[in-house]
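Below: one structure, written as structure tokens.
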Amino acid sequence: MTELRQRVAHEPDAPPEDKESESEAKVDGETASDSESRTESAPLPVSADDTPEVLNRALSNLSSRWKNWWVRGILTLAMIAFFFIIIYLGPMVLMIIVMCVQIKCFHEIITIGYNVYHSYDLPWFRTLSWYFLLCVNYFFYGETVTDYFFTLVQREEPLRILSKYHRFISFTLYLIGFCMFVLSLVKKHYRLQFYMFGWTHVTLLIVVTQSHLVIHNLFEGMIWFIVPISCVICNDIMAYMFGFFFGRTPLIKLSPKKTWEGFIGGFFATVVFGLLLSYVMSGYRCFVCPVEYNNDTNSFTVDCEPSDLFRLQEYNIPGVIQSVIGWKTVRMYPFQIHSIALSTFASLIGPFGGFFASGFKRAFKIKDFANTIPGHGGIMDRFDCQYLMATFVNVYIASFIRGPNPSKLIQQFLTLRPDQQLHIFNTLQSHLIDKGMLTSTTEDE
């Protein structure tokens, strides 16, 4: 034992260069364990009671469980009413609302990073975050304007120039932000600054990119915007109702209040709701026609001849079902069949967007993204499933619905040089003659 103590006492100290590297590592940035411990030790924010005083007084005699039920229910109806109002106000207002929701969601997530990582001393962190948001929105909305307002852009010289060099301008703007970030690096905050740089870019990917797809869906027709969003809302409400009254079996550890009864009940209710809503909306041109810009009136129009997707057709019912309901055929819109796919995704896969958000909140020990809506949390708490749904709808339309757009081809054709237009005309004429759809001039002579 004495010999062991002597050996330990006489062991040489760590080399000077090792000590120097350790101290330098501490100065350059905190280690992963430091970051973890700081995140773990961060106190869980106590959410204040943000319920309106009127509701507090009216529901004061109820238990907390039923009080929460009534608060959520009343404010859900208020949000649904607001949803109907903005639909009535038209596509332009809807696009503005989508952009406002996107900015608020970005603000909520960036604020979490700002608070959790104690980024108060990071130079330019918030300024650069909002600058990158501006750059990404400029890129996406510039692409949309060029795509859907092509004739207006070509008519105005400043817009035409901006459209021609749009991607170069967007990339230049991003490079300015990138250089600003590099110049803002501080020796003692290196690692933390790169954490927040990654945090900002992942937030942009999740929030801005997917919210932009919502607007793309809107231009395909209001029905592609309203039905998916309504299916997510319906599933959220019905899963809560079934879980509240019949829930017994926990569904997933990330969300202890979610139950299998609510999950299954929400699925069947959402599929039925999707079929009924699709049937009602498919009969109105204002919902099924693509949103287009009218150059004569300088406004959006939603008037067209509905496609076959929105015309009633007769379908044969399988024999097994015929014996149960007694019908041999059923008349329905083809879009209703697509609505089954949309409502199924909203019910079975959409909730995983909520589970992802729950895992995120648990990782940083927060209850909600914000306290914007009493009983519901922040805006991001309400749109965690909507963003995933919007991406699915956009992919679904591109894969199974959208075909070549003649009006866009003509718009691009008119921007070509005369010799290019003539070459395309001759090629198209030869192709149509070969297919027998046109007769050649020599044959006519």
Quick one: is Gln421 within 30 Å of Cys231 (Cα to Cα), open to solvent by less than 80 Å² (accessible area, probe 1.4 Å) and among the polar types (S, T, N, Q)?
no
Are any of the residues in segment 280-290 in contact with a Pro (Cβ under 9 Å, 6 or more places away or on another chain), surrounded by 19 or more Cβ atoms within 10 Å (Cβ to Cβ), outside any loop (DSSP other than H, G, I, E, B) and in contact (Cβ under 8 Å) with a residue 12 or more places away in the chain?
yes
Within the set of pairs 6+ apart or on separate chains, which have a first residue in segment 140-163 that is touching a residue at least 40 places away in the same chain (Cβ under 8 Å), a second that is open to solvent by less than 50 Å² (accessible area, probe 1.4 Å) and in a loop (DSSP other than H, G, I, E, B), and C-beta atoms under 6 Å apart?
Thr151/Asn295
Applying the selection to segment 299-320, what residues are part of a helix (DSSP H, G or I) and open to solvent by 80 Å² or more (accessible area, probe 1.4 Å)?
Asp308, Val320
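Can you find a residue in segment 397-405 that is in a helix (DSSP H, G or I) and buried (at least 17 other Cβ atoms within 10 Å of the Cβ)? First the steps, then the outcome.
Narrowing segment 397-405 to residues in a helix (DSSP H, G or I): 397-401.
From what is left, the residues that are buried (at least 17 other Cβ atoms within 10 Å of the Cβ) are 397.
The answer is yes; a qualifying residue exists.
Just need a number here: residues in segment 339-360 that are outside any helix (DSSP H, G or I) and either without any contact (Cβ under 8 Å) to a residue 24 or more places away in the chain or open to solvent by 30 Å² or more (accessible area, probe 1.4 Å) (or both). Explain how you work it out, then say what you get.
Going through segment 339-360, the residues outside any helix (DSSP H, G or I) turn out to be 349-350.
Restricting the remaining residues to those that are either without any contact (Cβ under 8 Å) to a residue 24 or more places away in the chain or open to solvent by 30 Å² or more (accessible area, probe 1.4 Å) (or both) gives 349.
Number of matching residues: 1.
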Given (1) more than 30 Å from Glu292 (Cβ to Cβ); (2) touching a Leu at 6+ places or on another chain (Cβ under 8 Å); (3) not hydrophobic (A, V, I, L, M, F, W, C), number of the condition Gly142 does not satisfy
(1)
Quick one: Asp368 ticks every box in (1) crowded, with 18+ Cβ neighbours inside 10 Å; (2) in a helix (DSSP H, G or I) bar one, so which box is it?
(2)
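Residues are listed down the side, and each one gets a yes or a no for (1) in contact (Cβ under 8 Å) with a residue 12 or more places away in the chain; (2) open to solvent by less than 50 Å² (accessible area, probe 1.4 Å):
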{"residue": "Asn68", "(1), (2)": "yes, no"}
{"residue": "Ile80", "(1), (2)": "yes, yes"}
{"residue": "Tyr88", "(1), (2)": "no, no"}
{"residue": "Leu94", "(1), (2)": "yes, yes"}
{"residue": "Met99", "(1), (2)": "yes, no"}
{"residue": "Thr111", "(1), (2)": "yes, yes"}
{"residue": "Ser129", "(1), (2)": "yes, yes"}
{"residue": "Leu133", "(1), (2)": "yes, yes"}
Pick from segment 145-170, criterion open to solvent by 70 Å² or more (accessible area, probe 1.4 Å) and not in a helix (DSSP H, G or I), ranking: modelled with the highest pLDDT
Tyr165
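Based on what the data block shows, is Phe242 in a helix (DSSP H, G or I), farther than 16 Å from Asp384 by Cβ and open to solvent by 60 Å² or more (accessible area, probe 1.4 Å)? Spell out how you get there, then give the answer.
Details: in a helix (DSSP H, G or I): yes; farther than 16 Å from Asp384 by Cβ: yes; open to solvent by 60 Å² or more (accessible area, probe 1.4 Å): yes.
Answer is yes for this residue.
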Meets criteria (modelled with pLDDT of 90 or more and part of a helix (DSSP H, G or I)) for Phe392:
yes
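The values are calculated or read from the model by the stated rules, or taken from the named source; none is laboratory data. These numbers were taken from a predicted model, which means no experiment stands behind them. In this analysis, Cβ positions are derived from the backbone assuming ideal geometry, glycine residues included, and neighbour counts consider all displayed protein chains. To get the accessible areas, we keep the full protein, side chains included, count just its heavy atoms, and leave off ligands, DNA and RNA. Shrake-Rupley method; radii C 1.70, N 1.55, O 1.52, S 1.80 Å.
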